[in-house]
Each structure stands twice: as structure tokens, then as C-alpha cells.
Amino acid sequence: MADRIVDLPVLGMVRSTSFANNIARGVRRRQGVIEATVNAEDEEISILFDSDKATIRGLVDNLRQLGYDVAHDKIEIPITGMNNKDDAHKVETSILERVEGVLVATVNLSADTLTVEYMSRYSSVKDIAAAVEAAGYGAEVKEEDLQEDTPPPPEAKEPEPAPVKPVEKPVVAEAPPPPTPPAPKEEIPPPMAAPPPVAAPVRPVEKPIPAEAPPPAKPPVPKEEQVIVRNRIIDLPILGMTSIDCALIIENALKSVEGVSEATVSFSAKEASILFDTEKTTIRAMVEKIRKVGYDVAVKTQAPTP
């Protein structure tokens, strides 16, 4: 098995989570698809698939059956060397088998032209012309069509002029400051007679500081103003899933449990992510619901405390 991821730009999709989920569910039902994720903002679907069981053309056909289309290019190429319907069929088959991103290839035998619908991110006009030549015919591709496959070379930037270094002026030596004249000597005054002793001041009697009363207790918050957190998200590892349909069965079963707001089951991760109200249901009730529809939950066991 060779797993591969492709990103397909979807046309006609409404930017809504519910529409995105519906498209993803429809794509997951196709054989060979392992996982599908839709980005509603970018209008793009990312598909993980088994390339031995599915192709890009088959994935696009599936989207068209669901009522959507993908952004693609279209080109008409003159073909030389064809004489009958067998030649036309050979050209069409060679392109569809050799060029991965081709969605439709149709030959007009009377006009000797080939019309191709293709996705430029997975194939090119050069690939289409090579497939025609590999079948034994000629493709008269215009030079301008080949140039569209080649990205334009980066524009050459003009060299920036070197910065002009400013001319440094010579530093002129400053004249030394004039010598400071010596400070005059201070005359030391004669010692003064000691002052008579001063009587110590009488210290007033301090009054005891009364203890402050404790602050009043805050009134309790009314029940109607309290915020109660009741919603919780939990991830449960699921055992026994073998296909995308198994994930849809478990998802619908969980959504039927009272108190469950949202449930998403990933087949590739073998896991269920559940948003539920802790006052209306319990984890045990959800596990029992999963077991009732024929699956199980991997329960972690703790080692006994010595």
C-alpha cells in the first residue's frame, strides 16, 4: 500500500462547517480513501488515500457526483498521425494512463485535435505532449503553452551603490588647561568651652493602641450569579474499527446519548473526541453505548500501589 496526500481546490462550496463535514463524509466513503479533511475558509479538501486503490481522477469524479467540482485548466492541442478511431482511442488511453493530473481527454478525429482538462499542480502541457508522443503520434504544442508551465525567472536586482565614506577631519590637539592655584590654608578656630549638661526630656506615657476590628465578611455570591462549568471534552481510544463506516456508526451512537453535545470519531486515529455535560451523563454511560453498537474502548489500567 502506498499512502499519498493530495490537496484539491473545491468549487461551489459554501463556507460552512456543516457543508465541509458533509463533503468530507462523502469522500471518506470512496474505496481507497483513508482520511479527508475540508478547510472551509480556503475552500480546499486534503485527502489521504491508497494510490493502489484510488486515483486523483477518481477522487475528482467522486466530488462531482457529490455536486461539486475542482479548479482545473483546459487546453486544445492539434494531433498529427491519426487515421481512424483506434488511433484516437490510443491517444486518449495513453494520456489518461501516463499523466496523473488529467481529468478528461477527448480526441476530435475530424479536426485532428485533442481537448484535455487537467490540474496544473499535478500535471503540465509538456507531460501531455510527451504522452501523445509515447503513443506514436505528434503534438503541435504552442510555445506560449509550454512557457506557462515554467515559472518566470526572478527579476535581477540592480546593485546598490557603495556608501560614501565621510572624510574625517584631523583632530586638533587641545591646549592644556592653566594650572590651578593652590587653595588657601584654612585657619583652625580655638576650641570652645563645653556646654552645660542638658536635662533629659520627660518621655510622655504612651496610650495603648486599641486593636482594629476585623473587616466585615463579604456576603456570599447568589447562586444565580455563580458560573458553573459543566461541559467537558474527553478523548476515548476506540477498538474494533475496520472502516470509515465504523467511525460513522460510533459517532451517531454517541450523539444519541443524553448530555452529549458533539462527538467526532477519527478512523485514522482510532479515537473519539466527545463534548458532554457532566451533570447529564458520565464516561461509563458513553463507554457502554459504544459497546452496545459492537465496539470497545481501550481502558488504561494503573499498577497496584506497593
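The values are calculated or read from the model by the stated rules, or taken from the named source; none is laboratory data. All figures in this text were calculated on a predicted structure; none of them were measured in a lab. All Cβ positions, even for glycine, are placed from backbone atoms using ideal geometry, and neighbour counts span all protein chains on display. Ligands, DNA and RNA are stripped out before the accessible areas are found, and what is left, the full protein with its side chains, is counted by its heavy atoms. Shrake-Rupley method; radii C 1.70, N 1.55, O 1.52, S 1.80 Å.
Tabulated data
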| quantity | calculated |
| --- | --- |
| Net +/- balance of residues flanking Ala71 in space, Cβ distance below 10 Å, scoring K and R +1, D and E -1 | -3 |
| Set Lys53/Lys270; Lys255/Lys289; Lys255/Lys292; Lys85/Lys142; Lys255/Lys280 screened for pairs whose C-alpha atoms are more than 18 Å apart | Lys53/Lys270; Lys85/Lys142 |
| Whole-number D in µm²/s for region 1-135 (Stokes-Einstein; Kirkwood sum over Cα pairs; 10 °C, 1.306 mPa s) | 100 µm²/s |
| Full-extension gain in nm, His89 to Ser51, via 0.36 nm per residue minus C-alpha separation | 11.2 nm |
| Of all accessible heavy-atom area on region 30-91, the percent that carbon and sulfur account for (1.4 Å) | 40 percent |
| Å² of accessible area per residue within region 1-118, as computed with a 1.4 Å probe and no ligands counted | 53 Å² |
